[in-house]
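Visitor: Got a structure for you, written out below as structure tokens; questions coming shortly.
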Amino acid sequence: MGKNEELPKLESRGSHLSQTIVPEPWEKPRHPLYLHHSDQPGAVLVTQPLVEDNYNNWSQSMSMALMIKNKKGLIDGTVKRPVENEDEQQQWDRSGPDLRF
């Protein structure tokens, strides 16, 4: 377990104890650090390769692809690398390499 990770909470229900597992924020699909099984290094986000004369079209397509995958903030800097939570930093490090150029 990471330094900041909490143990699952136990709830008492009559004579039974049950665990409530609270998902990490990045385990929710809307979180920018969420990794879908299709998020892999080498995955093609834009089928049209960038060449000298198509930057505007390529850029628009890439921007749309990153926005759809909720990863645009990792590229444009609006989502910063976490500084306090070690587990979230590791998730950032796992999420980022797919998008680095």
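Visitor: Within segment 20-35, how many residues are more than 19 Å from Thr78 (Cβ to Cβ) and either open to solvent by 90 Å² or more (accessible area, probe 1.4 Å) or among the β-branched types (Val, Ile, Thr) (or both)?
Guide: 4
Visitor: Still on this structure: Leu7 - would you say it is modelled with pLDDT under 80, touching a Leu at 6+ places or on another chain (Cβ under 9 Å), open to solvent by 90 Å² or more (accessible area, probe 1.4 Å) and of a type in the set (A, V, I, L, M, F, W, C)?
Guide: So Leu7 does not fit the description; no.
Visitor: If you don't mind, there's one more thing I want to ask. What tally of residues in segment 65-101 results from selecting those that are assigned to a loop (DSSP other than H, G, I, E, B) and either open to solvent by 30 Å² or more (accessible area, probe 1.4 Å) or modelled with pLDDT under 85 (or both)?
Guide: 11
Visitor: I would also like to ask the following. Among what's in segment 36-64 and is at pLDDT below 80 and of a type outside the set (Gly, Ala, Ser), pick the residue that is surrounded by the most Cβ atoms within 10 Å (Cβ to Cβ).
Guide: That would be Asp39.
The values are calculated or read from the model by the stated rules, or taken from the named source; none is laboratory data. Note that the structure is a prediction, hence the values are computed from the model and not measured. Every residue, glycine as well, gets a Cβ built from its backbone with ideal geometry; the counts of neighbours run over all protein chains shown. Side chains included, ligands, DNA and RNA excluded: accessible areas come from the protein's heavy atoms. Shrake-Rupley method; radii C 1.70, N 1.55, O 1.52, S 1.80 Å.
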